[in-house]
Structures are given as structure tokens and as C-alpha cells.
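Colleague: Let me give you the structure first, and then I'll get to my questions.
No value in this document is a laboratory result; all are computed from the given coordinates. These numbers were taken from a predicted model, which means no experiment stands behind them. Reconstructed Cβ throughout: ideal geometry from the backbone, glycine too, with neighbour counts over all protein chains shown.
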Amino acid sequence: MSIFRKIFGTSSEASGEANENEYNPFQDVNAQLPVDEQFTHNFKKNGGKFLYCENIAELNEQFENILEENDWFESEALCIEPRLFNMLNENRIAYQNITNPKFFLTSCESLVAEEGSIMFSSTQIKQKKAAELPLNIIVVASTSQLVLGKSDGLREIKRRYTTDYPTNITTIKYFEQTKEEDFLHYGSSPKNLYLLLLEDL
């Protein structure tokens with residue numbers, strides 16, 4: 001029972017129950033969706049490109065499709081995480097002593113459903129700001145990294161790194177250039193972002 005009903009009362013309990021079932025314009029419809037659907041909806045709304053992969057073979061195939069679509073074979077890429085180097089080696093993409101990276105290949109800390117954003121830390125991006133990263137980003141993540149909000153993402157970081165916590169924790173939310181500048185996008189650095197999401201649950 002709402003606090004307003006306790007204070008002001010209602011003509012009948014039946015009418016109160018009926019009002020609870022009516023449309024509420026202040027309630028976020030997406031909040032009722034499961035976390036994975038909520039993330040997918042908000043991520044796509046922000047302009048992100050989403051590719052679901054059931055296994056590693058499918059992930060590698062989708063990665064090659066992205067390279068082919070953008071003509072990035074035998075180019076240069078920024079990549080900080082050694083566990084992703086093999087994906088670049090297999091496609092003859094240079095990632096050491098590079099001068100002109102076409103894209104940034106990385107993992108992430110969490111996928112934040114409430115706003116469709118991706119959370120990174122110094123583990124993935126060192127001390128770089130979003131504006132210093134290449135325009136094109138390919139993120140490799142798994143379904144177990146889906147969280148509802150930023151606070152859940154921060155909790156996951158605390159759980160994952162029992163000591164030596166990463167720094168430079170940030171989220172990237174906008175994945176396409178807006179036609180008109182507005183205050184919501186002020187200071188943001190839109191990225192052309194592909195998400196390869198691997199099923200691991």
C-alpha cells in the first residue's frame with residue numbers, strides 16, 4: 001500500500017487495487033524486462049551493433065565478418081589484453097608498434113542493462129580516456145557479464161579483483177554520432193562499437 005493512500009485514504013480498497021493495474025506514465029516499461037532483453041534494447045537504441053554467439057567458433061566467424069565488412073584484414077589494431085592476441089594473429093592484424101590502428105579489440109568489465117552501456121577499467125583501457133581510443137571498437141563479452149545497473153558492475157569488479165583493484169573505471173554509452181548536439185551528449189565521445197556476446201550461462 002502506498003504511503004499516500006495511508007495518509008489520505010481511498011473511497012474503497014477495490015478502487016485502489018484497480019488503480020494499481022492502470023498505466024503509470026512514470027514507470028519505465030523496460031524495467032520489467034529481463035536483464036538481457038533490457039540491455040539488448042537499450043544498447044541498440046544507443047546505436048551499438050550486437051552479435052550473439054553461441055560458441056567460440058561462431059564468435060571467431062562473426063569477428064571475421066566484421067573485418068571483412070570494414071576491410072580491416074591485414075591492418076593495425078589496438079589491443080592491450082594478451083588473451084585476445086590470438087584473434088588478431090589468426091587474421092594477420094598487427095598490434096605491436098602500431099601507428100594507425102583501425103579498431104580497438106577489447107573485453108570489458110560489465111554490460112550495464114539499465115542504460116545499454118559497457119563498463120571498462122584500466123584492465124582493458126589502461127589510463128586512456130574514451131576520446132583517446134580509436135573510433136571503431138570491437139568488444140568481446142559474455143552473457144555472465146550482464147548486470148542491471150552501474151552499482152552492480154562496480155560490485156562485480158570488487159568481487160572479481162579481491163586485491164589490486166583496477167582504476168580508470170568508466171562506461172561508454174553512445175555508439176553513433178548525434179545529428180544535433182544536446183546536453184545529454186555533452187563531453188561524450190561516440191564510438192562505432194560492435195559487441196560480440198558469447199553465451200556462457
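Colleague: What is the spin-label model distance, in nm, from TYR52 to ASP152 if the labels are put 7 Å beyond Cα along the C-beta direction?
Modeller: With each label placed 7 Å out from Cα toward Cβ, I get 1.7 nm.
Colleague: How do 95-105, 39-49 rank on mean C-beta neighbours within 10 Å, highest first?
Modeller: Result, highest mean first: 39-49, 95-105.
Colleague: Follow-up question, since we're still on this one. Just want the ordering: LEU78, LEU33, from fewest to most Cβ atoms lying within 10 Å of their own Cβ.
Modeller: Listed from fewest to most nearby Cβ atoms, that is LEU33, LEU78.
Colleague: Order of 54-60, 141-147, 165-171, 193-199 by packing, highest average Cβ count within 10 Å first?
Modeller: 193-199, 141-147, 165-171, 54-60
Colleague: Counting only other residues whose beta carbon sits under 12 Å from that of LEU154, what net charge do I get with K and R as +1, D and E as -1?
Modeller: Around LEU154, the charge tally is +2.
Colleague: A further question follows. Taking the Cα centre as origin and putting +1 on Lys and Arg beta-carbons and -1 on Asp and Glu beta-carbons, what dipole magnitude results for region 46-201, to the nearest 20 debye?
Modeller: 720
Colleague: Quick check: net charge around ASP200, other residues with Cβ under 14 Å of its Cβ, Lys/Arg +1 and Asp/Glu -1? Before the final figure, lay out each step's value.
Modeller: Working: positive: none; negative: ASP36, GLU54, GLU58, GLU199.
Charge balance near ASP200 sits at -4.
Colleague: Let me ask something else. Take each of the peptides 117-130, 80-93, average the number of other beta-carbon atoms within 10 Å over its residues, and list them starting from the highest.
Modeller: Answer by packing, highest mean first, reads 117-130, 80-93.
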